[in-house]
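The values are calculated or read from the model by the stated rules, or taken from the named source; none is laboratory data. Just so you know, these numbers come straight off a predicted model, no measurement behind them. So basically every Cβ, Gly included, is an ideal-geometry build from the backbone, and we count neighbours across all protein chains shown. In case anyone asks, the SASA skips ligands and DNA or RNA and just uses the protein heavy atoms, side chains included. Shrake-Rupley method; radii C 1.70, N 1.55, O 1.52, S 1.80 Å.
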Amino acid sequence: MPENVLVVGGGGREHAIVRALAPDCTVFGLASNRNPGIAALAADTTTAEETDTEAIVEYAAAIDADAAVVGPESALQAGVADALTDAGVFTFGPTAEAARIETDKAFQRRFMAENDIPGTPGFETFDSAEAAAEYVETIEEDVAVKPTGLTGGKGVRVTGDQLTHEEAADYIRGDDHDEWVVEERLVGEEFTVQAFVAKGERSSPSSRTQSGDDGVVRPTPAVQDHKRAYEGDEGPNTGGMGSYTDAGTTLPFMDEADYDDAVEILEATVDALPTYTGVLYGQFMLTAEGPKVVEFNARFGDPEAMNVLPLLETPFSDIVDAAASGEPLPNPTFRNQATVCKYAVPDGYPTDPSAGAKITVDESTVEAGAETHGGEALLFYASVDDRDDGLYTTTSRAFAVVGIADDIETAEAIAADALAAAGDGLRVREDVGTAELVQKRVDHMARLR
Ligand code: AMP
Ligand code: GLY
């Protein structure tokens, strides 16, 4: 069992990771911001850039860390897992090379095609913006255009949905990226499946026929995120405004076979990767033909970690421990309940956010409200400014409330109640997890199939 665990990152996702580890380990936090939720649970925290491998290795040595969990993709891309591993600290998070499955979208698509991963959409890759723009101008089909590198989920544009082919070509020319992926526009309902993965030199190789039994890939319940800024899926893409899970592993608009197909895609992907340790996050589009891959991430989702980790009954430290020792991962169990996570963001987020609004909820007010619904509520901090007289917003997502109850509707009511008192100058997507929006998803899928 790891004793001293370093968690890299300071958002809502990392608050959820720290909360999942805290009952069983001594947790330490390192992030560029000070997250009061993490500070309250950790033995110590320090401030450093999540990409500063030297500072991270130094802090890991100072706290005598025997394991680390890396939250953000920027840290993985910077080689934080490589540096910690080299320094003798087991790291639950992939190497920079393995993380290219997220950090290089052109590599990701080529890798999928070369390995015949099911659910790969049609795509073309380009080394010059002009070539990508010209291609988009010449084709008729709707496409998604993506710079190949990390953009915090904000770099993708989809024709037929957000813009015309001409506008997409202008967007590519006006942007400062050279490398682009242009791919088939997928139509359907999006969902996420995150899996714990430990495929190291010491783990037995997984294979498609025995997958699931070898303890290499352990999936968690499906989640639906809401990336658009405003109600009704309007407005620009954000890092994620809120997300929900249903009791069990599926979502109301999908069935068991869809979930199993998504898990198979994750397994086939891990199968094709030489080694991989950490979380593999599949973003899927449930199309009329079944799940297709929108993208992979090499880490937990934010907000999706806040839905899934509170339901995890198996200690997260047992999973990290098994990965560290090359044992098969334990088959995790989850509470059979629904969750609704809603982010409170500063007014104007993401295009023109105004910081400095006072946050007027805390853990105890959030928890007390949930009791009247017979459920539970959790508060996770993301980016807040901790002043002498209280917490204030920055220009990023401020905090999230997760309602947990037997059904989505009750979990939504819990989150909504808690956020009603969030404070002026904060905005929430009221529709996330409401019966009306969930029904819209179900109807949409029924129309497509
Ligand atoms: P990504 O940064 O790849 O997660 O993309 C952000 C968002 O753009 C996704 O969550 C989708 O809503 C949308 N998107 C990305 N790729 C596609 C695609 N091929 N077809 C339709 N929508 C897409
Ligand atoms: N919620 C989407 C992400 O974490 O990338």
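Some points to look at:
- Filter pass, Gly248 being within 13 Å of ligand 1 (Cβ to nearest atom), touching a residue at least 12 places away in the same chain (Cβ under 8 Å) and assigned to a loop (DSSP other than H, G, I, E, B): no
- Per the listing Ala87, Ala113, Ala96, the residue uniquely free of Cβ contacts under 8 Å to residues at least 60 places away in the same chain, in contact with a Ser or Thr (Cβ under 9 Å, 6 or more places away or on another chain), open to solvent by 10 Å² or more (accessible area, probe 1.4 Å) and more than 20 Å from Ala262 (Cα to Cα) is Ala96.
- For the range 397-423, the tally of residues that are under 18 Å from Ser383 (Cβ atoms) and open to solvent by 20 Å² or more (accessible area, probe 1.4 Å) stands at 2.
- Single match in Thr151, Thr120 (criterion: modelled with pLDDT under 95 and within 12 Å of ligand 1 (Cβ to nearest atom)): Thr151
- Verdict on Pro346 being within 16 Å of ligand 1 (Cβ to nearest atom) and touching a residue at least 60 places away in the same chain (Cβ under 8 Å): no
- Those helices (runs of 4 or more DSSP H) lying entirely in the range 301-380 with at least 1 residues open to solvent by 10 Å² or more (accessible area, probe 1.4 Å): 316-325, 363-371
- If you go through the range 274-300 and pick out every residue that is out of contact with any Phe, Trp or Tyr (no Cβ under 7 Å at 6 or more places or on another chain), of a type outside the set (S, T, N, Q) and either in a strand (DSSP E or B) or away from ligand 1 (no atom under 14 Å from the Cβ) (or both), you end up with 5.
- Taking the criterion of being open to solvent by 10 Å² or more (accessible area, probe 1.4 Å) and under 17 Å from Ala198 (Cβ atoms), the only residue of the range 280-299 that qualifies is Arg299.
- The set of residues in the range 104-146 that are assigned to a helix (DSSP H, G or I) and within 16 Å of ligand 2 (Cβ to nearest atom) comprises Lys105, Gln108.
- Residue list for the range 154-168, filter: more than 11 Å from ligand 1 (Cβ to nearest atom) and among the polar types (S, T, N, Q): Thr164
- Scan the range 235-266 for residues that are modelled with pLDDT under 95 and at negative phi and the total you get is 4.
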